[in-house]
1. Can you tell me which residue within region B:25-43, out of those that are part of a helix (DSSP H, G or I) and surrounded by fewer than 17 Cβ atoms within 10 Å (Cβ to Cβ), is farthest from DNA strand C (Cβ to nearest atom)?
2. Could you identify the single residue in B:Lys91, B:Lys46, B:Lys57 that is surrounded by fewer than 18 Cβ atoms within 10 Å (Cβ to Cβ) and more than 14 Å from chain A (Cβ to nearest Cβ)?
3. Quick one: would you say A:Leu86 is buried (at least 18 other Cβ atoms within 10 Å of the Cβ) and within 10 Å of chain B (Cβ to nearest Cβ)?
4. For B:Glu47, indicate whether it is closer than 27 Å to A:Lys77 by Cβ, in contact (Cβ under 8 Å) with a residue 40 or more places away in the chain and within 13 Å of DNA strand D (Cβ to nearest atom).
5. If I filter region B:60-79 down to residues being out of contact with any helix residue (DSSP H, G or I) (no Cβ under 7 Å at 6 or more places or on another chain) and among the acidic types (Asp, Glu), which single residue comes out as nearest to the other protein chains (Cβ to nearest Cβ)?
6. Going by the conditions given, is A:Ser25 hydroxyl-bearing (Ser, Thr, Tyr) and away from chain B (no Cβ under 12 Å)?
Number of protein chains: 2
Amino acid sequence: MATQFGDRIRELRTKQNLLLRQVASMLEVDASIVSKIELGERKAKKEQVIQLADIFKTSKDELLTLWLADQVYEIVKDEDVADDALKSVSKKIKKHK
Amino acid sequence: MATQFGDRIRELRTKQNLLLRQVASMLEVDASIVSKIELGERKAKKEQVIQLADIFKTSKDELLTLWLADQVYEIVKDEDVADDALKSVSKKIKKHK
DNA sequence: AATTGTCTTGACAAATTTTGGCTAATATAG
DNA sequence: CTATATTAGCCAAAATTTGTCAAGACAATT
């Protein structure tokens, strides 16, 4: 149930000695929401991911990648054809670039 | 807006000379739903994908792959980090297998 | 020109999922 | 024990999903 994004956020937050409620107030949500995001029980909004990158002074791309990967994983995790589907999407993405 | 899954379903249906309403009645939904699925305006349920494989006598895995790829694509399509996220998920999937 | 058959579209409603806040309970530090 | 931090459960509001229905577009036929 843990997410890559949540784990990373918690790591950043604790290393910078910030409390849930401090981060929460910057995001303008309740501390329990941030807790749930860190535990992987809630999905952050994209806007919040960007705010978190600012708060922790870290790379937006790093966080967005983890966040996006969590979402994709959530969709494909129980599917036998997950790998084929991912390959197919990669191909399509490359074409569109 | 077109989907790989929808395109394939329409191809199968027309080649087998079935009408929307015939397929719809087998899925027990209105014909407009099937139309929308074929046009990529609605997402089929997983159960419907499996029924469609039976109806068209084609491979469930083929259809499930297209259906899953559409969903993943929908999530990552506008993201700069799409490719990195997909790679990360592939890695995680392989580990879990 | 009117009719028929197929498909598409948009408005709407019901059901489901997601979201956030509040509050309790639990843990952890002093 | 007390105080603070975090987690978990519950509720209501908001958003999304799913489907029906009716009207419209379009082509082929009569």
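Each value in this text was obtained by applying a stated rule to the coordinates, not by laboratory testing. As the structure is a computational prediction, the values presented were derived from the model and not from experiment. Ideal geometry is used to build each Cβ from the backbone, glycine not excepted, and the neighbour counts take in all protein chains shown.
1. Once the filter is applied, the top-ranked residue is B:Met26.
2. On inspection, the qualifying residue turns out to be B:Lys57.
3. So A:Leu86 fits the description; yes.
4. no
5. Here the residue is B:Asp61.
6. When the stated conditions are applied, A:Ser25 passes them.
So that you can scan it fast, the table gives a plain yes or no per residue for (1) closer than 25 Å to A:Ser90 by Cβ; (2) free of Cβ contacts under 8 Å to residues at least 24 places away in the same chain; (3) assigned to a helix (DSSP H, G or I); (4) not polar (S, T, N, Q):
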| site | (1), (2), (3), (4) |
| --- | --- |
| B:Phe5 | yes, no, yes, yes |
| B:Thr14 | no, yes, yes, no |
| B:Thr58 | yes, no, no, no |
| B:Asp61 | yes, yes, yes, yes |
| B:Trp67 | yes, no, yes, yes |
| B:Asp78 | yes, yes, no, yes |
